Every structure is written in C-alpha cells, then in structure tokens.
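First up is the structure itself, then whatever we jot down about it.
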Amino acid sequence: MQHRAFATLSLCFFAAAHTGCMTAVAAFQPENIGGETIVITTTEADGESHERVLSPIDYDGRLFVAANHWPRAWYHRALENLDVSVLRSGETTDYRAVPVSQEERERLLDESGFPLAAYVFTGFAPRQFLRLDPR
C-alpha cells in the first residue's frame with residue numbers, strides 16, 4: 001500500500017511540474033547514473049543496425065539486459081533477430097539474445113533492483129529481460 005501511495009504522490013508532483021518530466025526521465029538513463037554501461041547492437045530484417053546504451057545485469061554467472069521503458073525498439077529487434085553484439089569495456093562480443101522464462105524473470109525482478117521512482121519515471125512499464133548467451 002505504501003508503494004501505491006508514494007507512486008500516486010509522485011505522479012501528482014510530476015503532473016504539476018510536467019515541463020521538467022522529460023529531464024527527470026533523462027536523468028535515469030544508464031549513462032547518467034554512474035554504473036557500468038554496455039552498448040548493444042541489434043539488427044533489423046533489412047540489415048540496418050542500431051545501438052542502444054544499457055546497464056548490464058550480471059546474475060548467476062550470466063549476462064542479462066532489461067527493457068525498462070515503454071519505447072523498446074531495441075528489445076523487439078533483438079526478439080526478431082536474436083543475434084546481437086555487445087560492446088563492454090572496449091571489447092565487442094557476439095551473443096544470442098534469449099527471452100527469459102517466467103521463473104528467471106521473477107528472480108531477476110527480485111535481485112536486480114529497480115527503484116520505485118524509476119518505475120514512476122518510466123510510466124510503470126513492466127520490465128522485460130533478455131539473457132545474452134555467448135555465440
């Protein structure tokens with residue numbers, strides 16, 4: 001119940017200050033929060049590639065990424081073409097993007113942490129995860 005009250009108050013606050021909302025959302029982008037980032041490259045059916053900066057999730061000896069916002073074109077491209085590449089610490093590695101099972105998703109939701117404020121800023125988008133298996 002506390003989460004719902006906090007979320008409601010937060011939404012009211014941000015609705016009142018709507019002109020600053022997009023600035024607040026931009027502040028929570030991976031490159032702005034001080035943690036490690038990776039660049040994932042996805043490819044469309046026509047061969048056009050796209051890059052996206054993400055925060056890696058290292059869990060249980062594996063690499064995961066999360067789609068946290070409603071605009072998730074990179075995530076949908078990865079589902080359509082599972083072969084992706086990741087630039088991490090100056091090294092590019094090829095991976096196969098694998099949608100996680102419901103059980104794996106629940107564990108990641110519990111373990112990966114995502115502040116309530118981030119849920120507010122992202123419009124309560126349900127987090128979706130991909131496991132990146134080396135090719």
Within the range 40-52, which residues are closer than 16 Å to SER89 by Cα and surrounded by 15 or more Cβ atoms within 10 Å (Cβ to Cβ)?
ILE40, THR41, ARG52
Enumeration of residues in the range 103-135 that are modelled with pLDDT of 80 or more, in a helix (DSSP H, G or I) and surrounded by 13 or more Cβ atoms within 10 Å (Cβ to Cβ)
GLU104, ARG105, ARG107, LEU108, LEU109
In the range 61-91, the residues that are under 23 Å from ASP110 (Cα atoms) and in contact (Cβ under 8 Å) with a residue 12 or more places away in the chain
ARG62, LEU63, PHE64, VAL65, ALA66, ALA67, ASN68, HIS69, TRP70, ARG72, TYR75
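Just wondering, is there one or more residues in the range 30-38 that are surrounded by 15 or more Cβ atoms within 10 Å (Cβ to Cβ) and either at pLDDT 95 or above or part of a loop (DSSP other than H, G, I, E, B) (or both)?
Residues of the range 30-38 surrounded by 15 or more Cβ atoms within 10 Å (Cβ to Cβ): 30, 37-38.
Now narrow it down to the ones that are either at pLDDT 95 or above or part of a loop (DSSP other than H, G, I, E, B) (or both): 37-38.
Scanning the range 30-38 turns up at least one residue that is surrounded by 15 or more Cβ atoms within 10 Å (Cβ to Cβ) and either at pLDDT 95 or above or part of a loop (DSSP other than H, G, I, E, B) (or both).
If a residue has to be among the hydroxyl-bearing types (Ser, Thr, Tyr) and either in contact (Cβ under 8 Å) with a residue 12 or more places away in the chain or on the phi > 0 side of the Ramachandran plot (or both) to count, how many in the range 93-104 make the cut?
Going residue by residue through the range 93-104, those that are among the hydroxyl-bearing types (Ser, Thr, Tyr) are 93, 95, 101.
From the residues that got through so far, the ones that are either in contact (Cβ under 8 Å) with a residue 12 or more places away in the chain or on the phi > 0 side of the Ramachandran plot (or both) too are 93, 95.
Summing the residues that are among the hydroxyl-bearing types (Ser, Thr, Tyr) and either in contact (Cβ under 8 Å) with a residue 12 or more places away in the chain or on the phi > 0 side of the Ramachandran plot (or both) in the range 93-104 gives 2.
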I want to confirm something. Restricting to the range 53-80 and keeping residues that are in a loop (DSSP other than H, G, I, E, B), surrounded by fewer than 18 Cβ atoms within 10 Å (Cβ to Cβ) and not small (Gly, Ala, Ser), which single residue is modelled with the lowest pLDDT?
TRP70
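The values are calculated or read from the model by the stated rules, or taken from the named source; none is laboratory data. As the structure is a computational prediction, the values presented were derived from the model and not from experiment. Every residue, glycine as well, gets a Cβ built from its backbone with ideal geometry; the counts of neighbours run over all protein chains shown.
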